[in-house]
Each structure stands twice: as structure tokens, then as C-alpha cells.
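Readers should treat all values here as calculations from the given coordinates under stated rules, not as data from a laboratory. Worth saying up front: this structure is predicted, and the values here are computed from it rather than measured. A quick note on method: Cβ atoms are made from the backbone with ideal geometry, for glycine too, and the neighbour counts reach across all protein chains shown.
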Amino acid sequence: MNLTPESKVLVQGITESPASTRAALMMKAYGTNVVAGVSPGRGGLDLEGIPIFDLVEEAVAAVGHIDTTVILVDAYWVLDAALEAIAAGIRQIAIVTEGVPPLDLVRLVRKAEATETLVIGPNSPGIIVPDKLLLGTHPKEFYTPGSIGVISRSSTLTYEVALELTEAGLGQSMAVCIGCDAIVGSSFMQWLQLLDEDDSTEAMVLIGEVGGWSEQAAASYIASAIDKPVVAYLAGRYAPKGPSLGHAGILISSRAAAQKAFGVKAQNKMAAFEEAEIPVATRPSEVPKLLKKLLKKK
Amino acid sequence: MDLLEYQAKSLFRQMAIPILPSQRIDKPADLKGLKIPYPVVLKSQVRAGGRGRAGGIKFVENTIDAVAAAQTIFNLPIENEYPQVLLAEAKYNADQELYLAVLLDPIARRPVLLGSRQGGMDVEGSIDKMQQVAVDQEFSPFYARRLMLKMGLQGDLIQSVSTIVEKMYRLFVEKDLDLVEINPLGISPTGELMALDGKVTANDDALGRHPDLAALSGKRQSSGLAGDRRNPYVGDDRRNSNSKAQQSPSQFDPKSQSPISNSESLQLIELDGNIGILCNGVGLTMATLDAVAHQGGKPANFVNMGSLDRYDGANALRDRTELGLELVAQDKSVKVILVNILGSASKSEEITAAVAGYLERKARANRHIQVVLRLVAIDADAVKKRLGQLPVQLASTLDEAVAQAVSGAK
């Protein structure tokens, strides 16, 4: 993982929409080393000093090895953009775009595993290393440097928790949103492990949803493999049932299929966290309190 | 999007998955022109499971019985859904019934094949007998054969049933589906296979590249199947009547359409309290609902505005926020609106302008409603100036905003 401020960053779809252009400029203004943009048909132009290319390989030829690409292209072009980046030797990919068809992700994940590429998103504001690096669209207002690692499956809820941490004097070593879609490129487990090994991270916050499958898998992983203190905040304790809320579920209308493939977990949806003895905050403002308690114990 | 059985079967036919001769029936009189010989099965075309137990499937021996049965089925709602279409199908005597499905496992991020020898109505009761095989690399028919052996099939059935699974998998990938299910797959005494019932769920995000599937969804909406949903847009507000694609499921029906894919629409979800909630993002919306409930308040409804980057044009965010306020406030039981929209400082300015504009209009129309506006990273004095005497309480944290909303709603 290379998330230093010097690491070279590409933006794919840099002139795709006003929002993607704004995102690229926001990253650059934050200090991210945005070395190039790609927008087919716009090669040769430049965006406030960022050279634009038609192909990723042209960008690599011009600026040398690129560490990370941030993908902002239209949902149906995300798979193509990511495969193009991998073919050009880029091994860290952050996908901001939402609404990517799940089977495109299946193909991308297979390719990423074979090439040891780290993929976050889709439907993610990306990664922020406060005051150092922004890969995506996290609004900078909520963050401050420190030693808490934040791993989340939600965009705005990450901002909410980060703000509570910031106000309580607990800065963040990094905040990553692995993506809000049903199928995402990397798992909670991968990021828990990455931050467990990261020297600048003292403790972690896991932000997810009550009863989520990946959240429950993460809980058992924390119990067995993570040394640093972890606090969880799970939204949806009082949320109404059904797909009206709840993340882009792959909505399986066949109960038989859902039961078998996803497993009907314990009645008590907090059970996985209780068993793993992970403190779960009842609301975002409780996260810093629980963290401080754990850090004191240490 | 869930397809109806007859739509699923037409996809099966395209893949050469064997199905019985059948005919679509739009009204009871259509049975007079039936081309399938009796006895025939009439099946209600609704999305709900358990149609047989609910009385939505009837065997008939002649035209008179068939017309009478069709009338009964057309008038029988199953889980609140009336069928618009029936399917008349030849009768089939299966010796054995299997369960087969292809779907995505979101944790493994791979398609999985499911299969059970206990197919038919009992499948849910014998989940422990269900076998699964993850397709962890590029699909090849051996994955299907692996499932066959796990299911305990033998002899010729290994090859013949795995060919069906292979076709299901191809359909799953070609059409970007969330689920392909055949239950049951009938096996006749001579070993002939027949997909007797099927379920196909299309992925909403992928509909844009499958015009054939998207057309099915259009047909469904114009056919009035959503007629039991009450239309909340009864006001004479100009903005409401101009906006498109809004929907409001009247309840948390697990089969209602996903609101996520259509970035143009704002969806109002109704609950039974007195605090209206306007948020952005699923996680934050859930957290806000939780905080209100935790504090002893009751949400009346909520609107999730989704990602603010969707609202790109001049004033787009402001207009959408005003529309969101209109939506949550149309319920007369709403005493307080809690606005918790997180974004950068520039977005907060647009949201403040929306709240001010909305309340000024309401004041002119003599509708008084309290707003709690949660704002982060913004110059509070400038906001206060902009809001003047309007009934808005400002809060900088979620807890503070929730406390104000709950006490205001008492």
C-alpha cells in the first residue's frame, strides 16, 4: 500500500462531469500528487496544470509509474477503466462512481486478486489521510490528523463519525470507505489488517450496519486476527425493515436462496460483536468515549 | 426488479431451458382461444411466493371451469398484489422435483450455484439439504457437475441437469441478473426435465444496458400494479407537479422496487411518528433515525437525498432540498422537520438557502412548521442573518439536533 503524499495519482474520467472535474481539483488542492487525468478524446488538454491523456498507458509513458487511480467514469465504463488501469500497471484503484452492475465487479475482483490490486469502492468517497492525501471525495472539513483509523461502508456516516472524533480531540490516521454497493472491491477484513499493521494507527473504528453480512464476518475476524483496539458503530438498530433502507442489497426475493447463500444469522444481530467483545456505540457521539476508554486500558 | 413467472419463462425459452407449452391470459375470455389441450394449470402472475397455498394456482379440465377459475384468480390479491396476467400451462406429472438457483454471494463476491433434491414447496423446510458451489474463477461446466455430485445425482441426470445449470448461469451473466431460480425442475419417470416454475430478478443498476428487461419494468408500471400505493403528491405545488419519477411505497414491502438506482427521484418513506427527516446517504439516514428513536422521538417519515454530487446544475441541490422538505412536510402529523445533510461548506450554504426559501413560502401560505437544521463547518452568524425570524433552530451536532427535534415534537 502506498498512501504517502508523494505517491502519484491518476484521475480517470477527469472531464466526465462538473462533479468529476471538481473532485480532481479538490484532490489536488488538498495536496494529493495528481499527475495526470484520462478522458478519451480530450488528450493533449490540461486542467489547471494536470495533463490529460486519451489512454492510461499514455499517461504512464509521460509521467512514469502511477501508484493509484481514482475512477470517476460513468457506471457502465467503470470495469473497462479499472481493467485499463491494471493493464497499465496501476495496483491501487479507488472507484467513486455509484451504480456499477454487480457482475462487472465480480470480473474486476477476479482480475484484482490475480494481479494483487487493491480496489476500493464502487460508490465510495475513497480514502483520506488527513492533511496529507485525498483519494476521492471526502469533504476535508470533517477530518483532522491523528491516530484513529476509520473503516466504513457508508459515505456520509463516515463524515459524521469523523466529526465526532475530531471534536473529541481524536484525529484520524486514515479514513476509508470500502463502498456502499452490495459488491465492493475490498473487504472490511483487508482494511482491518492493513490498519492493524499501519504504524500511525493506534485504534480503529468500524462503521457499518446492524445485521450486515460483512459486518458480522468482520467481527469474528477482529476477534481472531486484530491486535489493536476496535470500536464499532452499527446504524440501523431502529430502522424499518425492508429494502427501502439498507444498502443496495442484492435483494433476493427467494427466501430459500437467501437463507442458504447468506445464512440466516443469529436472532440477535449484535451477537457476533458481543462474542468478539467489540464495544458497539449506540450513536456516533459515543464512539470517541468508547475509544478513549480502550486507549486508557492499553 | 423481480420478473413475473411468464417473463422468466420467456427468458428460459430463449436459453433453450425446457418449459411447458403455455399461453398468457390477459382476461378470462382469452381462455376460449386456448391452444393447449386440457387439463391445464392456471397460475396467478404475481411476485409473491406461496401462490399455490394462497389459491393462486388452479387445475381445470374444460373451458367453463377455466373461465370461472380465471375470474377467481384475477380477483384474488396475493400479498396485496392483484395479477394483471395469468399463465395457462399444460399439466405435468413430475416424478421428482429439484431446486436450482444461481445468485451472487456478496461476501465471496462470486456467483454461487445452489441445488437441492428437495425441490418444490418444501425447499425452505429443508435448507440443510441444499448444496452450494462457488464459481470462483471463469465459469466452466465442471462447476455445475460439481453441484450435481454434491446434490447426490447419479447417472444420466448428472449431465442433463448440469446442462440446465449451465444455461441458467449463462442467462445470469448475459442479462446481469441478481437471481435465476428454477423451483421445481420436474423430472419425469423417463428422465425428461422441465422447468415448472421460475424466478428471475434483474439487477436494477444494470437495467440501462438491457432494454429488453427495462421494457418489462415499464409494462409493469403502466399496467397499474402499483395501484395500491397511494399518491402523496396531492398538493398544488408547482414543483411537485413538475417533478418526475417519485414513488412512495405505502409500507415496507420487501418486494417493492429499489429506490436506489434512479438518481432523479426522491423517495418518501412513511412511518408513524411526528418528526420528518431529511438526510443524505443510507448510513447517515439510519443513524439519524436511530438517534431520534434512542432519544424517545418518533420519525413520521424520511427522505434520503443520496449523494449530493448528483445535484450538479445551478440551484439543483437547493431545488432538490426544497422538494425533499415538501415531501416530508406534506404529512400533517409532522410537527418538526429535522434536516441532517452532511457535505462541504458550499453545500451547506445551498441547503440553508433551501430551508429559508421553503419556510418563507410556507409562511406566506400560513402553514407553520418547525425546522431543526443541523449544519457543520459554516459561519453561524451569516446563517442566522439569512434565516432571520424564520422558525429554524440551528444545531452543530447530531445529538443536539435530535434533542431539539424530539423536544419540539412533544
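What Kirkwood hydrodynamic radius, in Å, does region A:150-209 give when the mean of 1/r is taken over all pairs of distinct Cα atoms and then inverted?
Values: mean 1/r = 0.0842 Å⁻¹.
Every distinct Cα pair counted, the radius reaches 11.9 Å.
Amide H to amide H under 5 Å from residue A:95: which residues, 5+ apart in sequence or cross-chain, H placed 1.01 Å off N in plane?
A:71, A:120, A:121
Could you tally up the Lys pairs in region B:96-219 with alpha carbons closer than 26 Å? Skip any pair fewer than 8 positions apart unless they're on separate chains.
Lysine pairs satisfying the spacing and distance rule in region B:96-219 number 10.
Helix B:141-151: angle to the longest alpha-carbon principal axis of chain B, degrees 0 to 90, nearest 10?
Roughly 80 degrees, rounded to the nearest 10.
Once you have the Cα-Cα distance between residue A:227 and residue A:1, take 0.36 nm times their residue separation minus that, and quote the gain in nm to one decimal.
Working: separation 226, 0.36 × 226 = 81.36 nm, distance 1.97 nm.
So the chain would gain 79.4 nm between residue A:227 and residue A:1.
Using the 10 angstrom Cβ neighbour count as an exposure proxy, how do B:143, A:238 rank, fewest first? Kindly include the intermediate steps, with their values, before the conclusion.
Details: B:143 21, A:238 15.
With the sparsest Cβ surroundings first, the list reads A:238, B:143.
Projecting each Cα onto the charge dipole of chain A (Lys/Arg +1, Asp/Glu -1 at the beta carbon, about the Cα centre), which of A:20, A:195, A:211 comes out farthest on the positive side?
A:211
Per-residue ellipticity at 222 nm for chain B, helices alone: DSSP H runs ≥ 4 residues times -39500 (n - 2.57), over residue total, nearest 500 deg cm²/dmol? If you can, show how the numbers build up before the last one.
Working: 12 runs with 139 residues, N = 410.
After summing the helix terms and dividing by the residues of chain B, the value is -10500 deg cm²/dmol.
Simple spin-label model, 7 Å along Cα-to-Cβ: residue B:82 to residue B:314 in nm?
4.8
Which percent, to the nearest 5, of DSSP beta bridges fully inside region B:260-408 are antiparallel? It would help to have the intermediate numbers written out before the result.
Working: 3 of 22 bridges.
If we restrict to bridges inside region B:260-408, about 15 percent are antiparallel.
Grab the Cα-Cα distance for residue A:275 and residue A:116, subtract it from 0.36 nm times how many residues apart they are, and report the gain in nm with one decimal.
54.0 nm is the gain from fully extending residue A:275 to residue A:116.
Consider a paramagnetic label point 7 Å from the Cα of residue B:188 along Cα→Cβ; state which residues of region B:1-40 have an amide N under 14 Å from it.
Under 14 Å, as judged by backbone N against the label point of residue B:188, lie B:18-21 of region B:1-40.
Residue-wise, which Karplus ³J(HN,Hα) couplings in Hz belong to region A:161-166, taking 6.51 cos²θ - 1.76 cosθ + 1.60, θ = phi - 60°, and x for glycine or proline?
5, 4, 5, 4, 5, 4
Hey, what does the equivalent ellipsoid look like for region A:1-157, semi-axes from the Cα gyration tensor as sqrt of 5 times each eigenvalue, largest first, whole Å?
Working: eigenvalues 90, 73, 45 Å².
Value: 21, 19, 15 Å, ordered largest first.
Using only the Cα atoms, what convex hull volume per residue in Å³ does region B:1-75 have? Please report the intermediate quantities before stating the final value.
Working: hull volume 7.9 nm³, N = 75.
Normalising the Cα hull of region B:1-75 by residue number yields 105 Å³.
Greater than 29 Å separation of Cα atoms is the criterion. Which listed pairs, A:292/B:384; A:28/A:297; A:132/B:347; A:140/B:298; B:362/B:384; B:347/B:385, meet it?
Details: A:292/B:384 35 Å; A:28/A:297 40 Å; A:132/B:347 23 Å; A:140/B:298 33 Å; B:362/B:384 19 Å; B:347/B:385 18 Å.
Table pairs above 29 Å Cα-Cα are A:292/B:384; A:28/A:297; A:140/B:298.
Output the Cα-based Rg and Dmax of chain A in Å, rounding Rg to one decimal and Dmax to a whole number.
Expressed in Å, the Cα Rg and Dmax of chain A come to 19.1, 58.
Count the DSSP beta bridges whose two residues both fall in chain B, then state the antiparallel fraction as a percent rounded to the nearest 5. Mind dumping the intermediate values first?
Details: 44 of 63 bridges.
Antiparallel bridges: around 70 percent, rounded to the nearest 5.
Do the sum for chain A: with -39,500 (n - 2.57) for every DSSP H run of n ≥ 4, divided by all residues, what is the mean residue ellipticity at 222 nm, to the nearest 500 deg cm²/dmol? Display every interim value, and only then the final one.
Values: 10 runs with 104 residues, N = 298.
Result for chain A: -10500 deg cm²/dmol, rounded to the nearest 500.
Just how far, in whole angstrom, is region B:65-113 from region B:326-346 if you go by their alpha carbon centroids?
41
Measuring from centroid to centroid over Cα atoms, what is the spacing of region A:60-132 and region A:181-196 in Å?
14
Compute the projected area of the convex hull of the Cα atoms of region B:53-96, averaged over all viewing directions, and report it in nm² to one decimal place.
Details: hull surface 15.5 nm².
Convex hull of Cα atoms, orientation-averaged projection: 3.9 nm².
Based only on other Cβ atoms within 10 Å, what is the fewest-to-most ordering of A:214, A:186?
Numbers: A:214 19, A:186 22.
Least to most surrounded, the residues fall as A:214, A:186.
How big is the Kirkwood radius of chain B, worked out from every pair of different alpha carbons and given in Å to one decimal? Don't skip to the answer; put the middle values down first.
Numbers: mean 1/r = 0.0409 Å⁻¹.
Evaluated on chain B, it is 24.5 Å.
Let me know the shape class of region B:258-410, please: from the alpha-carbon gyration tensor, a ≥ b ≥ c as square roots of the eigenvalues, rounded when a/c is under 1.5, otherwise prolate if a/b is greater than b/c, or oblate. Spell out each step's value before the answer.
Details: a/c = 1.24, a/b = 1.03, b/c = 1.21.
Rounded, because the longest to shortest axis ratio a/c is under 1.5.
Would you calculate the convex hull of the Cα atoms in region B:96-219 and tell me its volume per residue in Å³? List each step's numbers first, then the result.
Working: hull volume 14.5 nm³, N = 124.
Residue-normalised Cα hull volume stands at 117 Å³.
Residues of region B:147-183 with the amide nitrogen closer than 16 Å to a label point 7 Å from the Cα of residue B:95, along Cα-to-Cβ, please.
Counting backbone N atoms under 16 Å from the label point, the list is B:153-161.
Take every DSSP beta bridge with both residues inside the protein assembly as shown and express the antiparallel ones as a percent of the total, to the nearest 5. All intermediate terms of the calculation are to be shown ahead of the outcome.
Details: 52 of 107 bridges.
Percentage antiparallel, nearest 5: 50.
Provide the convex hull volume over Cα atoms per residue for the protein assembly as shown, in Å³.
Working: hull volume 116.3 nm³, N = 708.
About 164 Å³ per residue, rounded to a whole number.
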